[in-house]
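One structure below.
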Amino acid sequence: MNRLEIIREISKHLTTEKDAKTAVLKTFELMAGALRANEKVVISNFGTFKVKERMPRAARNPRTNQRVMVGPRKSIRFKPSKKLTRGMQ
């Protein structure tokens, strides 16, 4: 399911597709802002998004086969809720 499909599904329960689009885009904007601020985003009965610090590591350049160091970076992790994972079994 992509963003447009989410908007269309939500618009079935709202007055217009424009209202649904505004709600979905604002939700994603708020989630992204919280993650940029290193805050957790917890959605009950769905899961938790959080920023994880990745440690520096050795890697290999595939073109030159030379070893290089990749610096520390941040990535986003999602942990599904128990209710969500139980519903998938």
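No value in this document is a laboratory result; all are computed from the given coordinates. None of the values given here were measured: they were computed from a predicted structure. In this analysis, Cβ positions are derived from the backbone assuming ideal geometry, glycine residues included, and neighbour counts consider all displayed protein chains.
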**Complete:** To the nearest 10 degrees, the tilt of helix 17-36 (Cα long axis) against the first principal axis of the alpha carbons of the chain is 30
**Asked** Taking the Cα-to-Cβ direction at residue 57 and at residue 3 and moving 7 Å from each Cα, how far apart do the two end points lie in nm?
**Response** 2.9
**Message:** Going by amide H atoms built from the backbone, whose H comes under 5 Å of the H on residue 81, apart from near neighbours?
**Reply:** 46, 47, 48
**Integer Hz, Karplus 6.51/-1.76/1.60 couplings in order for segment 74-85, x for Gly and Pro** = 10, 9, 9, 10, 10, 10, x, 6, 4, 5, 5, 5
**Message:** On the principal axes of its Cα set, how long, how wide and how thick is the chain? Give whole Å, largest value first.
**Reply:** 57, 30, 27
